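S.K.: So that we are looking at the same thing, I have put the structure below in structure tokens.
The values are calculated or read from the model by the stated rules, or taken from the named source; none is laboratory data. From a predicted model like this one, the values you see are computed outputs, not experimental measurements. Here Cβ is always computed from backbone atoms with ideal geometry, including for glycine, and neighbour counts include all displayed protein chains.
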Amino acid sequence: MTNRRSFLTGAGAGITALGASLVSRAGAASLPEAPTHTSSATAAPLAPTGGRPYNPVVTLNGWTLPWRMKDGVKEFHLVAEPVVREFAPGMQANLWGYNGQSPGPTIEVVEGDRVRIFVTNRLPEHTSVHWHGQLLPCGMDGVTGLTQPGIQPGKTFVYEFVARHAGTFMYHPHADEMQQMAMGMMGFWVTHPKNPRQHAVDRDYVMLLSSYDIEPGSYTPRTNTMLDFNLWTINSRVFPGLDPMVARLGDKVRIRVGNLTMTNHPIHLHGHRFEVAGTDGGWVPKSARWPEVTTDVAVGQMRAIEFVADAPGDWAFHCHKSHHTMNAMGHDVPTLIGVDHQGVAEKINKLVPGYMVMGDKGGSMGDMKMPLPANTLPMMSGDGPFGNLEMGGMFTVLKVREGLKRGDYGDPGWYRHPAGTVAREWTGDGAEALPPAPRAPDARPAPAPAGQAMDARKPGAKDMTGHEHH
Amino acid sequence: MASPISWHATLAVSLGLLLAGCASVTPERAFEASAAAAQARTGVDARLLRSDADRQALQAEIDTLLQAPLTQDAAVRIAALNHPGLQATYWEAGIAQADVAQAARLRNPGFGFSRMDGGGNRETERSVSIDLAGLLTMPLRQRMAARRLDETTLRVAAAIEHHVNATRRAWIEAVAARQALTYARQVADAADASSALMARMTQAGNASALDLARESAFHAEAGAGVLRADREANAAREHLTRQLGLWGKQALYKLPERLPDLPAAPAELAGIERTALSQRLDVQAARAAASGTAADLGLTRTTRFVNVLDLGYADKRETGEPKSDGYEIGLELPLFDWGGARVARAEAVYMQSLGQVAAVAVNARSEARAGYLGYRASYDVARHYRDQVIPLRKQIADETLLRYNGMLASPFELLADAREQAGAVHATIEALKDFWLAQVDLETAIGMRLPAPSPTDKKDTPQ
């Protein structure tokens, strides 16, 4: 849901009037509206209302910033401010962002456009905006102290430059960067080619990767965490809070991924081969592309992958670092796999009523619905047609379907597999014998704790009832 | 010659009988005064055991009391009735009573008869003798014996009060020590579960020998803690057993598992110093001693009264409080018209006794104040633990379990928290124990029991 709020009325008027006076010649009246967005659902692509035509992108669980044309210049208004972002149903985060959300709205322009961006600071400290990857005058580069003074709280600055070449970019503060990016300040930027047929695709998804360290039970990221983050997000959302990417069978699809975390992310797509068609530097010549199913997006990098959605189904799309597809977990929890709890469990239970053995058969919690600290998501969750997906973090699903409408981005539901195309339990049907399972040479069985049956089945929901009620 | 003798004899015998009728030799009567004084202060009925039947009845009563876990009131009752040392003390009243009776009697008259035959002569001599000196000093001896009886009555009452309060303290200590042992065991159990789990982890190859040694070391130390707590619980229990005067099978009594809960509100006491001066037996004894001194010295002509509390010390005034001397709170004793012979010594002896009363009274007032402040302060501490520390500990435990549920915390963290909880519970028990001890101290200092908690508090005070 996008709404427009006037900057000259309402509660913001005082701040705006102060900020507007700094816009000098332009005058307060000419400051464009600062639209704000209150939902974390994916907004429909924003078709251009003026200027050169282009094929708009879809920001997964995000939105595109509307603009106005003023004397041939595209004017945008970003407001840097504290926001509350839902990471997934059941968890909210106190972040900093732009225009009501983190990440900020995607800015879409066309190659050659003159762009003017007003940036109002409603944060408690100064900020700036760096237009990551843009070729622009040095004084517009947004590096506090180096190319401009910081935008003080309550002030509005204006940036102006020509989007010189088509490609995929980001924006983020270059002032107290460590804190402000740990708080979620970032946004996406797409400069479309002058010729809309060039690099044209049917569906163009964009996403920023960011990471947070939010203690279970709390709301605000620990901004001094350097590496040991516990929430790995796509557009400040985690699975199962991420919408699926939808494509019609045969569509040409582009997914643009920018990395503003502090580590690399090997982005992996199931069921398809893709090519890296673009980087933050521009388009990769066709002759230089090679097929991949995983591409690494290093820190501060941008990768645009392209493929034909030629395989119907529900295909996983995720960072291949397995802990990046988990929600908050205890990093200091020891491994309990294979540990016999007989006797010990009773002792613990006497001291800690409600205690239940977990982890002795692995990390899977199956369908257990355990009470968790407030504002905490299960480590791995997500209900699929075959049960719990046991996923979190940087994970979503590419849904390829026949006969979707062109602009239809709605969730088509779970894939209906043709008969006989789903893995199934072998029950010894027919006269066919199970083929032998040769063992590795010199294989030794791992020591199993005495008295423990090697039963790896998940406990049934019925067994859990006692635990759900405490 | 015969007639004067028989006159004398008749006089002496009849006088003796007359005086003997004045003073009873029943020990109960003297003891009853002590018991009544003690009852007023401690709420406990003391009883003199005179016969085997009495003793058997008492044993049966004790057996009945011991069937349930021993409450503080039951402990105090048993101690007052059963403690052999205390029973021995009770007989002091009987002894003093007998002395009074004895002082009211003359020595039995003596009869002499001799006959001498020899050389044809026979000499017969008959004599009757009575204790004339005894007859003359009888009023003085009677008065002194009566005073000793009064003193003994007070002393026996004080002994009961002292023993009762000491028993209350011993009971509180014993129950608290037992409770502390329970929680020391909880710490040890948590350490046991930790080290057992770590042992299983080591067995499965998931932990190292160092991890196991660390957990085991903690377990071993927790075990030492249990041994220490056990020793303290035993010592405290034996102390109580001695106070109760129990032995044999009766010494196997059961104690409650926990101390009584904190009352909903502390007792509000007004005029504690006044209460202390009027109730405390030591103040009464000192005053009686001073009066006795005056009587012994034959001091009768009172010229004025002196407030012994004003001797050498100016009374404190507190804002908003009435001036706290005067008749109600002061202790007044007569001052005499000194004159005549042996004045200097009499005056010195009497003034010495006044000083002693003042000293006792000043101490009593200070102890009353200190007792009340200590009582209120320990109430606040115990309430702080009950209302602040324990709920927070509970919340920590709940939150830790939620984190364990989400695999955000390990079982070792759960167990470490269980150990820390036990630490807080231990401190809470100590605070509650200190409160109940402070209450006994306050009751000792003011010489009476605190009023029972108001009805709304009763749910919190099951004991």
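S.K.: Might you let me know whether the range B:142-152 holds any residue that is in a helix (DSSP H, G or I), under 21 Å from the mean Cα position of the chain (by Cα), more than 25 Å from B:GLU420 (Cα to Cα) and at pLDDT 90 or above?
M.R.: No, that holds for no residue.
S.K.: With the requirement that a residue be within 14 Å of chain A (Cβ to nearest Cβ), out of contact with any helix residue (DSSP H, G or I) (no Cβ under 6 Å at 6 or more places or on another chain) and of a type outside the set (A, V, I, L, M, F, W, C), what does the range B:390-401 give you?
M.R.: B:LYS394, B:GLN395, B:ASP398, B:GLU399
S.K.: Filtering the range A:197-230 down to residues that are within 14 Å of chain B (Cβ to nearest Cβ) and not small (Gly, Ala, Ser), which residue is surrounded by the fewest Cβ atoms within 10 Å (Cβ to Cβ)? Give the steps one after another, and end with the answer.
M.R.: Applying the first criterion (within 14 Å of chain B (Cβ to nearest Cβ)) to the range A:197-230 yields A:213-218, A:228, A:230.
If we keep only those that are not small (Gly, Ala, Ser) as well, we get A:213-216, A:228, A:230.
On the way: A:ASP213: 19, A:ILE214: 25, A:GLU215: 16, A:PRO216: 23, A:ASP228: 9, A:ASN230: 23.
Applying the filter and picking the extreme gives A:ASP228.
S.K.: Which strands (runs of 3 or more DSSP E) does the range A:259-368 wholly contain that include 1 or more residues that are of a type in the set (Ser, Thr, Tyr)?
M.R.: Values: elements: A:265-269, A:274-279, A:294-297, A:302-308, A:313-319.
Of the strands (runs of 3 or more DSSP E) lying wholly inside the range A:259-368, those with at least 1 residues that are of a type in the set (Ser, Thr, Tyr) span A:274-279, A:294-297.
S.K.: Being outside any loop (DSSP other than H, G, I, E, B) and of a type in the set (Ser, Thr, Tyr) is the filter; apply it to the range B:402-435 and report the residue that is farthest from the other protein chains (Cβ to nearest Cβ).
M.R.: Taking the range B:402-435 and keeping what is outside any loop (DSSP other than H, G, I, E, B), we get B:402-405, B:411-435.
Okay, now just the ones that are also of a type in the set (Ser, Thr, Tyr), so B:404, B:428.
Details: B:TYR404: 7, B:THR428: 17 Å.
Per the criteria, the residue is B:THR428.
S.K.: Go through (1) in a strand (DSSP E or B); (2) closer than 24 Å to A:GLY282 by Cα for A:ARG164 and report which single condition fails.
M.R.: All conditions pass for A:ARG164, except number (1).
S.K.: Which of the residues spanning the range A:76-92 are touching a strand residue (DSSP E or B) at 6+ places or on another chain (Cβ under 6 Å) and more than 19 Å from A:THR127 (Cβ to Cβ)?
M.R.: Residues of the range A:76-92 touching a strand residue (DSSP E or B) at 6+ places or on another chain (Cβ under 6 Å): A:76-80, A:82-87, A:92.
Passing the criteria: A:GLU86, A:PHE87, A:GLN92.
S.K.: Residues that are outside any loop (DSSP other than H, G, I, E, B), away from every other protein chain (no Cβ under 14 Å) and in contact with a helix residue (DSSP H, G or I) (Cβ under 7 Å, 6 or more places away or on another chain): does the range A:379-393 have at least one?
M.R.: Looking for residues that are outside any loop (DSSP other than H, G, I, E, B), away from every other protein chain (no Cβ under 14 Å) and in contact with a helix residue (DSSP H, G or I) (Cβ under 7 Å, 6 or more places away or on another chain), one finds at least one in the range A:379-393, hence yes.
S.K.: Considering only the range A:166-187, I want to know if a residue exists there that is on the phi > 0 side of the Ramachandran plot and hydroxyl-bearing (Ser, Thr, Tyr).
M.R.: Scanning the range A:166-187, I find no residue that is on the phi > 0 side of the Ramachandran plot and hydroxyl-bearing (Ser, Thr, Tyr), so the answer is no.
S.K.: Mind listing whichever residues of the range B:168-215 are of a type outside the set (A, V, I, L, M, F, W, C) and more than 14 Å from chain A (Cβ to nearest Cβ)?
M.R.: To start, the set of residues in the range B:168-215 that are of a type outside the set (A, V, I, L, M, F, W, C) comprises B:168-169, B:173, B:178-179, B:182-183, B:185-186, B:189, B:192, B:194-195, B:200, B:202-203, B:205-206, B:208, B:211, B:214-215.
Passing the criteria: B:ARG168, B:ARG169, B:GLU173, B:ARG178, B:GLN179.
S.K.: Yes or no: A:VAL79 of a type in the set (A, V, I, L, M), modelled with pLDDT of 95 or more, touching a Gly at 6+ places or on another chain (Cβ under 6 Å) and within 30 Å of A:ILE151 (Cα to Cα)?
M.R.: no
S.K.: Another question, if that's okay. Does A:THR325 fit the bill of being modelled with pLDDT of 95 or more, over 30 Å from B:ALA422 (Cβ atoms), among the hydroxyl-bearing types (Ser, Thr, Tyr) and touching a Lys or Arg at 6+ places or on another chain (Cβ under 6 Å)? I'd like the intermediate steps shown before the answer.
M.R.: Working: modelled with pLDDT of 95 or more: yes; over 30 Å from B:ALA422 (Cβ atoms): yes; among the hydroxyl-bearing types (Ser, Thr, Tyr): yes; touching a Lys or Arg at 6+ places or on another chain (Cβ under 6 Å): no.
Here the answer is no, as A:THR325 does not meet what is asked.
S.K.: Hey, another quick one. Looking at (1) at pLDDT below 90; (2) more than 7 Å from chain B (Cβ to nearest Cβ); (3) buried (at least 17 other Cβ atoms within 10 Å of the Cβ), which one does A:VAL333 not meet, given that it meets all the others?
M.R.: So the condition that A:VAL333 fails would be (2).
S.K.: Within the range A:337-349, identify whether any single residue is within 25 Å of the chain's Cα centre (by Cα) and basic (Lys, Arg), and answer yes or no. Break it down stepwise before answering.
M.R.: Let us first name the residues in the range A:337-349 that are within 25 Å of the chain's Cα centre (by Cα), namely none.
Looking through the range A:337-349, none of the residues is within 25 Å of the chain's Cα centre (by Cα) and basic (Lys, Arg).
S.K.: Let me ask another. With the condition kept exactly as written, say whether any residue in the range B:201-224 is among the charged types (D, E, K, R), crowded, with 17+ Cβ neighbours inside 10 Å and touching a Lys or Arg at 6+ places or on another chain (Cβ under 8 Å).
M.R.: no
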